[in-house]
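Here the structure comes first, spelled out in structure tokens, and everything after it is commentary.
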Amino acid sequence: MTWILDYDAGNLGSVKRACTEVGLNAEFSAHPDAVTQAERIIFPGVGAAGSAMRSLRERGLDTALKTAIASGTPVLGICLGMQVSLDYSEENDTQTLGLIGGRVQRFKLNRPELKIPHMGWNEVRVKQAHPVLAGIDAGDEFYFVHGYFPSTTAPEHALAVTDYEDDFTCALGKDNYIGTQFHPEKSGRVGLRLFENFARWDGVWRPHEASTQNGGDDNAE
Amino acid sequence: MLSKRVVACLDVRDGHLAKSVKFVNTQNIGDPVEKAREYYLDGLDELVFYDITASSDKRNIMLDVVEAVASQVFIPLSVGGGIRSVADATDLRLAGAEKINVNSAAVARPDLINECSEAVGDQNIVLSMDVRRVQVSSEQPSGYEIVINGGRTPTGRDALDWALEGEKRGAGELVVNSIDADGTRDGYDIPLTSAIAEAVRIPVIASGGAGLPEHLHDVLTDGKADAALVASMVHYGDYRVSGLKQYLHEQGLKIRMSW
């Protein structure tokens, strides 16, 4: 079973509808047992880092997620669900799950015409091939809505970047975990493709191989 | 770099699509779900539904429309019209709306903006404002006044001032709709749009008056808008969404061109 973590009573219907559209049978759950026994987990997020972490801890989902990830379950984090997978978020000065080393910062933009939140369609440039990002071509755009952005400590965990004054990491991954800053459920055909890929992914990914296939990446070791 | 958005607005009355000209003489022009799907497949960046249902007992029809559209259209869906409370906003969000537009009720009770943005996130609250041109006065120094109730009731409120207050109260985006331009197809109100877009730090969607592709170009450049809202020019088949985007792309604007 694929479970969509419903830990903060957010509007997650769009994630489920996207799964349905690509034939991935997914249901909502906020129960730690569902997480530890899941075949796949989608970890979306709405609201703010502080309340999201409180809600995860109250339900025991923080520990359950770590258990599931350690056991190899494929996990897809979306937006705030991705952000809380890093160590720390500036939003509400929050210690987050620490599944991947890195931190989440508020955009500090110099150009006055650039607005915060970064809202709308923007190009995703894949830096390291990944099964879940397969089929994203140069020029493909995804839908973003966020005022904070992630940066990973280890460059090999950064999978794709987007430019908003500067490049920021918009997709990150480690082993069986992948997270996106953009909303694939709101990103049309190319977004649905990502759910299709995730539905088929066995949870295996290593930066070495991928960067070699990709013709070499400066950041990968 | 962020792309400029082409947004289509569908006015829905009692579950049917309608398009007003200067907010009167609404004509029924088809099924909103079908139209939404058509635009989505043709590259639309965002969809706005405006519920202009007059009677409150038919309000729930809108939830069904939103739900039906949300399961077929995988782009941001924004819904407005008659939202008076956090409960209204939450119901629509659960039905599948990404963004909630508040308008008249927020003018009457500005706290609605704070309450809704707290409940569903400020990035999901759109302050939609209907604006008409007036004499510059001490009460309306910008020369633009907020009108409510579908353009029928003047409020005496200065439009620029209201935009800034909306931003401060937590609106994540503004729709600036010119009542003077609405339905005329003579072009957006560029001075109005740029005055507001330059004053706030949240995205602005320009609305009212689109009739030619050039109008979109002008409001996205001179008008400083982040998105251009279209209605009649695509509803009646004069232009296609993909054609408008192709034109803007050829003019050098950053536009999402693969879908």
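Derivation of every value follows stated rules applied to the coordinates shown; laboratory data play no part. Just so it is clear, the model here is predicted, and its values are computed rather than measured. Using ideal geometry, Cβ is built from the backbone for each residue, glycine included, and neighbour counts are taken over all protein chains shown.
Quick test for you: out of B:Glu173, B:Glu167, pick the one residue that is within 14 Å of chain A (Cβ to nearest Cβ), charged (D, E, K, R) and touching a residue at least 60 places away in the same chain (Cβ under 8 Å).
B:Glu173
Checking the condition within 22 Å of B:Val131 (Cβ to Cβ), out of contact with any Phe, Trp or Tyr (no Cβ under 8 Å at 6 or more places or on another chain) and in contact (Cβ under 8 Å) with a residue 40 or more places away in the chain, which residue from B:Ile83, B:Ile52, B:Ile100 passes?
Checking each option against the conditions leaves just B:Ile52.
Can you tell me how many residues in the range A:138-167 are in a loop (DSSP other than H, G, I, E, B), within 12 Å of chain B (Cβ to nearest Cβ) and either closer than 14 Å to A:Thr180 by Cβ or in contact (Cβ under 8 Å) with a residue 24 or more places away in the chain (or both)?
So the count comes out to 3.
Being buried (at least 20 other Cβ atoms within 10 Å of the Cβ) and either of a type in the set (D, E, K, R) or touching a residue at least 60 places away in the same chain (Cβ under 8 Å) (or both) is the filter here; which residues of the range B:133-150 pass it?
Scanning the range B:133-150 gives a single hit, B:Glu145.
Taking the stated definitions as given, is A:Ala34 assigned to a helix (DSSP H, G or I) and either more than 25 Å from A:Asp93 (Cα to Cα) or touching a Pro at 6+ places or on another chain (Cβ under 7 Å) (or both)?
yes
Would you point out which residue out of B:Asp161, B:Asp186, B:Asp226 is free of Cβ contacts under 8 Å to residues at least 24 places away in the same chain and over 12 Å from B:Asp130 (Cα atoms)?
B:Asp161
Are there any pairs with C-beta distances below 7 angstrom linking a residue in the range A:114-126 that is facing another protein chain (nearest Cβ under 7 Å) and at positive phi to a residue that is of a type in the set (Ser, Thr, Tyr) and surrounded by fewer than 23 Cβ atoms within 10 Å (Cβ to Cβ), with the two at least 6 apart or on different chains, and if so which?
Matching pairs, first to second residue: A:Gly120/B:Ser3.
Every residue in the range A:101-113 that is within 13 Å of chain B (Cβ to nearest Cβ) and in contact with a Pro (Cβ under 9 Å, 6 or more places away or on another chain), please.
Listed by number, the list holds a single entry, A:Phe107.
Just name the residue that is surrounded by the most Cβ atoms within 10 Å (Cβ to Cβ) out of those in the range A:168-193 that are within 14 Å of chain B (Cβ to nearest Cβ) and of a type in the set (D, E, K, R).
The selected residue is A:Glu185.
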